[in-house]
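Undergrad: Structure in structure tokens, see below.
The values are calculated or read from the model by the stated rules, or taken from the named source; none is laboratory data. All values derive from a computational prediction rather than experimental measurement. We place every Cβ from the backbone using ideal geometry, glycine too, and count neighbours over all the protein chains shown. With ligands, DNA and RNA removed, areas are computed over all heavy atoms of the protein, side chains included. Shrake-Rupley method; radii C 1.70, N 1.55, O 1.52, S 1.80 Å.
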Amino acid sequence: MNVQSPDPAAQSKYQVRFDWGRRGAARIAEGVHVLVLVDVLADAESSVRNDQIIAAAPNRAAVIEAGLVDATATARWILAEQERLGERAFIAIVAAGDAETGFPADDLLGAGAVIDALAALGIDDTSPEAAVAASAFGGLRRAVRHLTSASVSGRAALAAGMSADELHAAAVLDASDEPRVIRAGAEASAD
């Protein structure tokens with residue numbers, strides 16, 4: 001299913017790709033088997049933005065939402081999807097936030113957590129962009145709860161009415177064993 005693109009921004013030679021927002025999803029989603037939407041602190045504007053990101057996924061691709069709370073569950077689901085497909089699964093990991101509203105540190109950490117969990121399962125052919133996200137998470141793993149609540153997104157969520165308890169709950173690493181599958185992938189094509 002993966003298609004090699006001549007555009008370097010597509011990251012198409014890598015199994016695990018990473019980018020930001022709607023435009024980033026359009027750059028890296030071509031030919032993937034799984035699109036992972038990372039939105040750690042969803043807000044009132046998330047629905048429209050996230051729908052635009054999901055729309056970039058190829059029709060046959062699975063779509064899964066993830067964050068800090070279910071990074072490992074998401075990685076395990078992707079590994080099972082790869083086994084179901086019987087071939088190497090190409091994955092686009094897209095952080096929902098973008099720089100228009102401030103640097104989305106929470107989504108970078110969430111994406112890095114998913115990429116790190118994939119690498120721990122052996123899915124580690126990452127683009128440099130994905131490796132940077134995983135490294136950011138790895139280096140800051142012990143501080144993700146604080147960084148999420150202190151980030152621009154965290155402070156905005158509190159100002160918009162999210163409680164401190166809800167905010168902290170969204171930043172607990174691997175609090176859930178359940179992946180959030182939005183759309184299952186199509187059956188593998190017989191070649």
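Undergrad: Modelled with pLDDT under 90, crowded, with 24+ Cβ neighbours inside 10 Å and not hydrophobic (A, V, I, L, M, F, W, C): does that describe GLY67?
TA: So GLY67 does not fit the description; no.
Undergrad: Confirm whether ARG180 is without any contact (Cβ under 8 Å) to a residue 60 or more places away in the chain and not hydrophobic (A, V, I, L, M, F, W, C).
TA: When the stated conditions are applied, ARG180 does not pass them.
Undergrad: Does SER153 fit the bill of being hydroxyl-bearing (Ser, Thr, Tyr), touching an Asp or Glu at 6+ places or on another chain (Cβ under 8 Å) and farther than 17 Å from TYR14 by Cα?
TA: yes
Undergrad: So, one more: Are any residues in region 57-76 under 13 Å from the mean Cα position of the chain (by Cα) and assigned to a helix (DSSP H, G or I), and if so, which ones?
TA: If the condition is that a residue be under 13 Å from the mean Cα position of the chain (by Cα) and assigned to a helix (DSSP H, G or I), then LEU68, VAL69, ASP70, ALA71, THR72, ALA73, THR74, ALA75 are the ones that fit.
Undergrad: Give region 1-60 a look and list any residue that's among the hydroxyl-bearing types (Ser, Thr, Tyr) and open to solvent by 10 Å² or more (accessible area, probe 1.4 Å), or say none.
TA: Across region 1-60, the qualifying residues are SER5, TYR14, SER47.
Undergrad: Identify the single condition in (1) more than 16 Å from GLN15 (Cβ to Cβ); (2) without any contact (Cβ under 8 Å) to a residue 40 or more places away in the chain that ALA134 does not satisfy, given that it satisfies every other one.
TA: (1)
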